[in-house]
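Student: The following block contains the structure, expressed as structure tokens.
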Amino acid sequence: MIKKIISMFGVFLLIGMFIFAIVEGWSLINSLYFSFMTLTTIGCSFGPLTYLGKILVIVYFGSFIISILGLFNFKHVVLRHKNKTKKKTVTHHNNNDGYVMVTSKEN
């Protein structure tokens, strides 16, 4: 899961780096810096000046958040499905002392 999050973070950094370099006319390092500061929600001392750049920041950050939440939701759905498909067989054994031994086995 962590590998997927880190990979997704890296992909979004690269996408943001190129998008903001083209739209705002920034250098690649400034665009990378801005993308990192935006995705980590730290913030930075500069931002897009064009209307297109401002709209793209909203779409860019929103897409990142939705993607990360989608990863967590996907994992939750898969785990829930796996847990539902596991069936347990419970067996009761009576011994001579009057005690009941319960054993369970996953199928």
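The values are calculated or read from the model by the stated rules, or taken from the named source; none is laboratory data. Keep in mind that what you see is a predicted model, and the values were worked out from it rather than measured. Using ideal geometry, Cβ is built from the backbone for each residue, glycine included, and neighbour counts are taken over all protein chains shown.
Student: Consider only pairs whose beta carbons are under 8 Å apart and that are at least six residues apart or on different chains; among these, list those whose first residue lies in the range 43-61 and is closer than 14 Å to Gly25 by Cα and whose second residue is among the charged types (D, E, K, R) and at pLDDT 95 or above.
Tutor: The qualifying pairs are Gly47/Lys54; Pro48/Glu24; Pro48/Lys54; Leu49/Glu24; Thr50/Glu24; Gly53/Glu24.
Student: If you don't mind, there's one more thing I want to ask. Being in contact with a helix residue (DSSP H, G or I) (Cβ under 7 Å, 6 or more places away or on another chain) and surrounded by 12 or more Cβ atoms within 10 Å (Cβ to Cβ) is the filter here, so list the residues in the range 1-17 that pass it.
Tutor: Narrowing the range 1-17 to residues in contact with a helix residue (DSSP H, G or I) (Cβ under 7 Å, 6 or more places away or on another chain): 1, 4-5, 8-9, 12-13, 16-17.
Answer for the range 1-17, where residues must be in contact with a helix residue (DSSP H, G or I) (Cβ under 7 Å, 6 or more places away or on another chain) and surrounded by 12 or more Cβ atoms within 10 Å (Cβ to Cβ): Lys4, Ile5, Met8, Phe9, Phe12, Leu13, Gly16, Met17.
Student: If I go through the range 20-56 residue by residue, how many of them are more than 26 Å from Met1 (Cα to Cα), not charged (D, E, K, R) and not in a loop (DSSP other than H, G, I, E, B)?
Tutor: 13
Student: Are there any pairs, at least 6 apart or on different chains, whose C-beta atoms fall under 7 Å, with the first in the range 1-20 and at negative phi and touching a residue at least 24 places away in the same chain (Cβ under 8 Å) and the second among the hydrophobic types (A, V, I, L, M, F, W, C) and crowded, with 17+ Cβ neighbours inside 10 Å, and if so, which?
Tutor: Between residues of the range 1-20 that are at negative phi and touching a residue at least 24 places away in the same chain (Cβ under 8 Å) and residues that are among the hydrophobic types (A, V, I, L, M, F, W, C) and crowded, with 17+ Cβ neighbours inside 10 Å, the close pairs are Phe9/Leu39; Phe12/Leu39; Phe12/Phe64; Leu13/Leu32; Leu13/Leu39; Ile19/Leu56; Phe20/Trp26; Phe20/Phe34.
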